[in-house]
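Below you'll find the structure, written out as structure tokens, and then a few comments.
None of the figures in this text is laboratory data; all of them are computed from the coordinates on show. Since the structure is predicted, the reported quantities are computational estimates derived from the model, not experimental observations. Neighbour counts run over all protein chains shown; Cβ positions are idealised from the backbone, glycine included.
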Amino acid sequence: MIRKARLEDVERLRNIETAAGEAFRTLGMHAIADDDPPSVQELSRYVAAGTCWVSTAAEQQPVAYILVDQVDGNAHIAQVTVHPVYARHGIGSALIDEVASWAAPQGFEALTLTTFRDVPWNRPYYERLGFTVVPERLWAAGIRRLVLVEAADGLSAWPRVVMRRALGE
């Protein structure tokens, strides 16, 4: 079941992020695996804004989540994370579809995201979900700023891409 996140979910979301980050160790991306999850304050802001959704298991506890911002007039997926125990069951895809269903009537033109180019569960996964890589020359100002912030946070140590999926087509 997908629902809007609640404040009582926040600590669980942090645990999901930590567990999911471990997969990056298999690719030698230890800095990503060791990175702190989003803070309680950051996640609480998304919850309060109504731009954090969770997918729950039978016991109604979150097993995955998605965070959304507005960037350049698009619904920007800031994070989508599935606990590894629940991975590869279509949960991430369902969360993205939920956001698309929310974003289209709000007038957003597309979903966007930034991700690692060469991580199998990143760019190739999003391509299967209908996202395409946006060439750098087409980046709008907001996404360009976001990429610079991510680079300052150390994410540019591995190749990154901006991706887009049109809504309403």
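Once you compute Rg and the Kirkwood Rh from C-alpha atoms, what is the Rg to Rh ratio for region 69-169? Let's see the in-between values first.
Values: Rg = 13.3 Å, Rh = 14.1 Å.
With Rg and the Kirkwood Rh in hand, the quotient comes to 0.95.
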Could you check the spin-label model distance between residue 93 and residue 45? Points 7 Å from the Cα along Cα→Cβ, value in nm. 3.3
Positive end of the charge dipole of region 2-166 (Lys, Arg +1 and Asp, Glu -1 on Cβ, about the Cα centre): tell me which of 148, 18, 129 has its Cα farthest that way. 129
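Please order 26, 114 by the number of other Cβ within 10 Å, starting at the fewest.
On the way: 26 9, 114 20.
In increasing order of surrounding Cβ atoms, one gets 26, 114.
Counting other beta carbons within 10 Å of each Cβ, put 1, 163 in order, fewest first.
In order of increasing Cβ crowding within 10 Å: 1, 163.
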Which whole-number percentage describes the relative contact order of the chain, with Cα contacts under 8 Å and a sequence gap of 6 or more? 20
Sorted by Cβ neighbour density within 10 Å, fewest at the top, the residues 76, 89: 89, 76
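How long are the semi-axes of the equivalent ellipsoid of the chain, taking √(5λ) for every eigenvalue λ of the Cα gyration tensor, in whole Å from largest down? Please list the in-between numbers first.
Values: eigenvalues 99, 82, 48 Å².
So the three semi-axes of the chain are 22, 20, 15 Å.
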Once amide H atoms are placed 1.01 Å from N in the peptide plane, what residues at a sequence separation of 5 or more from residue 134, or on another chain, have their amide H within under 5 Å of its amide H? 162, 163, 164
Say R0 is 30 Å: what FRET efficiency, to the nearest 0.05, do residue 118 and residue 59 get from their beta-carbon distance? 0.25
